Amino acid sequence: MAADYTKESTYSISLRGTAGELLSGYSGVFKDLAGMETGTAITAHPTVSERFAGLHMFNLDWSTITSTTYPGINSGTSVVLGEDIGGVVEFGKRSAGSLTLKTATVANLASDTVNIISPNDTDNTTSTTKTYKFYNAATPATGAVTVNYGTASFTVGGTEAFSSAVKASATFTFGATEFDDVNNGTLTLIDNAGLSKTYIIRNDYGASGALEFNAGGSAAVAAANFKALVEGSNGHDGTIVVTDGGSGVITIEQATPGTGGNTTITPAANWNNTTSVNVGAAFAGGFDPTITLIDSASLSKTYKVKYDYTAVAGSQEINAGANATVLADNFKQLVESADGHNGTITVVVTDPGGSDAAVTLTQATSGTVGNKSIATSNWDAITSVNVGAAFAGGAVDDTAVNIYGLTTLETIAAQIEAAIEHANGHAGKVIATVGAVAGSEIPITLSQFYHGPGGDTTVTSSDSANLTAVSFTGGETLEDSLRYIILHLSRTDIASATISTDVTKLIQVELGKWEIKTNQLIFYESDGTTVLKTFNLFDKNDQATSIAPYKRVPI
């Protein structure tokens, strides 16, 4: 394949060693460079008329090279003749893409995003992905980075957290005719703390024991007497609450929420012969609410609320405490402790007013990886604002494009360009150039800093109606057999101007006029008259001579 110099304005150079590694901090000269006159510094690509073949040495004036014409070369490095370490100058074509801005109405662009990917070297071993987000507000400034963490929230209800929704209960009904059918029937109840009491019904109005009550003259009276006994000082004294629903309907409920209240109920001595709706075998519906959280690294922990102050140290159990705020604070301490997520999920508790406690959960690692699912069991029973099914809002960190107060295509496009080339953006790995307004649009051309097919990456826009994106294409790296230049490298510091002068003199010596006068050898510059160098000639006896000289000595 012949060298195509018509495309060279789009080509870039990188220096490589024998193993293909990128080289930096070196200087060098080129051999076999077609198209460049000896001693000419590379400041522009050769035209077709400047091409010629043959072996040529010329100096590369690195101080004149800019990153826009030759990315990958350290400008200011001196150029020397040096050892050939087998390196090459690798030619390649940069990938090109574009954005087209179609609106100057900033409200249409607010919160839009653009994603751009660039390789970090010509080998494309790694890449940099950046998300640019438009902000129609005074802050953040263009180029500022916004970190997007996954979050979730709920509110522990001051009422809900300690309501019947999480308390164990049972029901029965004294029958309208059955209520006094049995004398000395018994019902044994056990509260959340394990306190057991056996209550005895008397149909002969002979109740005298501490745990005896009279059936009375109706089901309603039996229910009222039962309630008074259970809640009194001889009974469970408030640890079990009795609700008299009228007409003999009774609900018994554990005062302390949680599974600890799901205790057995034992009717005996024909107790059930006094009821038209019999009591169950146990209290039911007592819950220890749980919530399962997963951090960005997929560490899963299930946290459980204990209402009976039996939370086990070193576990994921917390004591509910006396109110919603205490419950929320205990939850925060556990989640952030070594027994919990230990900092990979942070918790903030705030007071929204009243007796509630608002809780916000935040993943410590930003990005979509933090949008993990959240599983609950009866957790919603204790919240006035329920938690969602997953963390949300985790996204790739974005670099701001601030368009606040802007009204023209040119000024908005300039902010896009500034964000892309900002240190927090692609920082030179992508070159953005704003073009001229054409009708109601303005183009922004994008060019990869590093050449090669690895630069053919995607460019996407979240709002194609107002900002269209064209992905990078056209990246090229020439094969070894198509590379034009062999590179000699060294680390010797010799000024490039010195090399240029010396190489020029060598060529003039080879191609210019010379003559022997008396005992001197004289070399002339290309004009044939200006003396370039003079040597005294000597024979083998160190006598001056112009015939059969044995050695020359410069003067």
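The values are calculated or read from the model by the stated rules, or taken from the named source; none is laboratory data. These figures come from a predicted structure and were not determined experimentally. Glycine also receives a Cβ, built like all others from the backbone with ideal geometry; neighbour counts cover every protein chain displayed.
Laid out as a table, the results:
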{"item": "Qualifying residue in the stretch 114-130 (condition: within 54 Å of the chain's Cα centre (by Cα), in the same structural domain as Gly439 (by TED's automatic domain parsing), in a helix (DSSP H, G or I) and buried (at least 20 other Cβ atoms within 10 Å of the Cβ))", "result": "no"}
{"item": "Pair list, Cβ < 6 Å and 6+ apart or interchain, from the stretch 319-330 residues that are assigned to a helix (DSSP H, G or I) to residues that are acidic (Asp, Glu)", "result": "Ala324/Asp356"}
{"item": "From the options Ser296, Ser300, residue that is over 30 Å from Thr177 (Cα atoms), free of Cβ contacts under 8 Å to residues at least 24 places away in the same chain and within 24 Å of the chain's Cα centre (by Cα)", "result": "Ser300"}
{"item": "Qualifying positions in the stretch 303-316 - free of Cβ contacts under 8 Å to residues at least 24 places away in the same chain and buried (at least 18 other Cβ atoms within 10 Å of the Cβ)", "result": "Lys304, Ala311"}
{"item": "Pair list, Cβ < 7 Å and 6+ apart or interchain, from the stretch 192-212 residues that are touching a residue at least 24 places away in the same chain (Cβ under 8 Å) and under 13 Å from Phe226 (Cβ atoms) to residues that are crowded, with 18+ Cβ neighbours inside 10 Å and of a type in the set (D, E, K, R)", "result": "Leu211/Lys197"}
{"item": "Test: residue in the stretch 411-430 that is in a loop (DSSP other than H, G, I, E, B), of a type in the set (D, E, K, R) and assigned by TED's automatic domain parsing to the domain that holds Ala107", "result": "yes"}
{"item": "Sole residue being at positive phi and assigned by TED's automatic domain parsing to the domain that holds Asp112, chosen from Gly435, Gly452", "result": "Gly452"}
{"item": "Whichever residue in the stretch 528-552 is free of Cβ contacts under 8 Å to residues at least 24 places away in the same chain, of a type in the set (S, T, N, Q) and within 26 Å of Lys505 (Cβ to Cβ) and, among such residues, is surrounded by the fewest Cβ atoms within 10 Å (Cβ to Cβ)", "result": "Thr529"}
{"item": "Search result, residues across the stretch 245-271 that are outside any loop (DSSP other than H, G, I, E, B) and surrounded by fewer than 17 Cβ atoms within 10 Å (Cβ to Cβ)", "result": "Gly245, Gly246, Thr251, Thr264, Thr266, Ala268"}
{"item": "Any hit, the stretch 377-384, residues being crowded, with 16+ Cβ neighbours inside 10 Å, outside any strand (DSSP E or B) and among the polar types (S, T, N, Q)", "result": "yes"}
{"item": "For Glu421: the one exception among (1) in contact (Cβ under 8 Å) with a residue 12 or more places away in the chain; (2) buried (at least 16 other Cβ atoms within 10 Å of the Cβ)", "result": "(1)"}
{"item": "Where Tyr205 falls short, out of the listed (1) touching an Asp or Glu at 6+ places or on another chain (Cβ under 7 Å); (2) more than 30 Å from Asp295 (Cβ to Cβ); (3) hydroxyl-bearing (Ser, Thr, Tyr)", "result": "(1)"}
{"item": "Listing of strands (runs of 3 or more DSSP E) fully contained in the stretch 512-555 that carry 2 or more residues being of a type in the set (Phe, Trp, Tyr)", "result": "520-524, 531-538"}
{"item": "Residue that is at pLDDT below 85 and either polar (S, T, N, Q) or farther than 16 Å from Ile555 by Cα (or both), where the choices are Gly528, Gly512", "result": "Gly512"}
{"item": "Filter result for Ile442 (β-branched (Val, Ile, Thr) and under 26 Å from the mean Cα position of the chain (by Cα))", "result": "no"}
{"item": "Criterion: under 51 Å from the mean Cα position of the chain (by Cα) and not basic (Lys, Arg) - qualifying residue of Asp181, Asp191, Asp244", "result": "Asp191"}
{"item": "Criterion: more than 30 Å from Gln363 (Cα to Cα) and either touching a residue at least 12 places away in the same chain (Cβ under 8 Å) or assigned to a helix (DSSP H, G or I) (or both) - qualifying residue of Ala176, Ala152, Ala141, Ala137", "result": "Ala176"}
